[in-house]
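Visitor: Structure below; questions to follow.
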Amino acid sequence: MDCIFCQIVAGKIPADILYQDEEVIAFRDINPLAPVHLLVIPRKHIPSPVQLSEAESSLMGKMVNTANQLAKKEDIAESGYRLVINCGQQGGQGVPHLHMHLLGGRQLSATLG
Ligand code: DGP
């Protein structure tokens, strides 16, 4: 239980949770890079997309659908937004629990690093 996102899932550390169901949970990023910066994660501890089994692959669709719904709620669906999954060290992943960033509310750079 040393995973910070598992602790958020378990309610052991606080987060600004916007949505949750039996599979996923979404909350505001503690260090926002845009006016809207949310994270959508599976409740299950899956370290990164590399560890996602074929049987679990529908979770990715669930995460995208959740992000799309939240983009509507946050009123950025029309202006546009970015969904990002960092994977592994060179991919810039800092927290080893699969998560999708939803970024929007400002013009984002056209470059991807
Ligand atoms: P990544 O670099 O893709 O692993 O992004 C991890 C994100 O998680 C980063 O933008 C900051 C966010 N984050 C880290 N710890 C916490 C936390 O305790 N609470 C919340 N809400 N966000 C966190």
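Visitor: Send over a whole-number figure in Å² for the accessible area per residue of the chain, probe 1.4 Å.
Guide: Heavy-atom SASA per residue in the chain reads 59 Å².
Visitor: With each run of n ≥ 4 DSSP H residues scored as -39500 (n - 2.57), what mean residue ellipticity at 222 nm is computed for the chain after dividing by its residue count and rounding to the nearest 500 deg cm²/dmol?
Guide: Only helices count here, giving -6000 deg cm²/dmol.
Visitor: Lysine pairs in segment 3-113 with Cα distance under 18 Å, only those 8 or more apart or on different chains: how many are there? Working shown, then result.
Guide: Numbers: K12/K44; K44/K62; K62/K72; K62/K73.
Value for segment 3-113: 4.
Visitor: Determine the shape class of segment 53-113: with a ≥ b ≥ c the square roots of the Cα gyration tensor eigenvalues, call it rounded for a/c under 1.5, and otherwise prolate if a/b is greater than b/c, oblate otherwise. Write down the numbers at each step before the final one.
Guide: Working: a/c = 2.58, a/b = 1.23, b/c = 2.09.
Since a/c reaches 1.5 but b/c is at least a/b, the shape of segment 53-113 is classed as oblate.
Visitor: How much net charge surrounds P42 when only the other residues with a Cβ under 10 Å from the Cβ of P42 are counted, with Lys and Arg +1 and Asp and Glu -1?
Guide: Result for the neighbourhood of P42: +1.
Visitor: Mind ordering 41-54, 92-105 by average Cβ neighbours within 10 Å, highest first?
Guide: 92-105, 41-54
Visitor: On to the next question. Can you grab the distance from the C-alpha centre of segment 90-113 to the C-alpha centre of segment 2-35, Å, no decimals?
Guide: Taking the Cα centre of segment 2-35 as reference, the centre of segment 90-113 is 16 Å away.
Visitor: Run the accessible area of the chain with a 1.4 Å probe and give the carbon-and-sulfur part as a rounded percent.
Guide: Result for the chain: 53 percent of the exposed heavy-atom area is carbon or sulfur.
Visitor: Tell me, what ³J(HN,Hα) does each residue in segment 77-85 have, in order and in whole Hz, if you take phi through Karplus 6.51 cos²θ - 1.76 cosθ + 1.60 with θ = phi - 60° and put x for Gly and Pro?
Guide: Computed from phi, the couplings for segment 77-85 are 5, 6, 6, x, 7, 10, 10, 10, 10 Hz.
Visitor: Shifting gears a bit: What cysteines in the chain have no other cysteine with a beta carbon less than 4.7 Å from their beta carbon?
Guide: So, C87.
Visitor: As an exercise, use a Förster radius of 30 Å and the Cβ-Cβ distance of V95 and E54 to find the FRET efficiency, rounded to the nearest 0.05.
Guide: Details: r = 24 Å, r/R0 = 0.79.
According to the calculation, E is roughly 0.80.
The values are calculated or read from the model by the stated rules, or taken from the named source; none is laboratory data. No experiment lies behind these values; they were computed from the predicted model shown. Methodologically, a virtual Cβ is constructed for each residue, glycine included, from the backbone with ideal geometry; neighbour enumeration extends over all protein chains shown. With ligands, DNA and RNA removed, areas are computed over all heavy atoms of the protein, side chains included. Shrake-Rupley method; radii C 1.70, N 1.55, O 1.52, S 1.80 Å.
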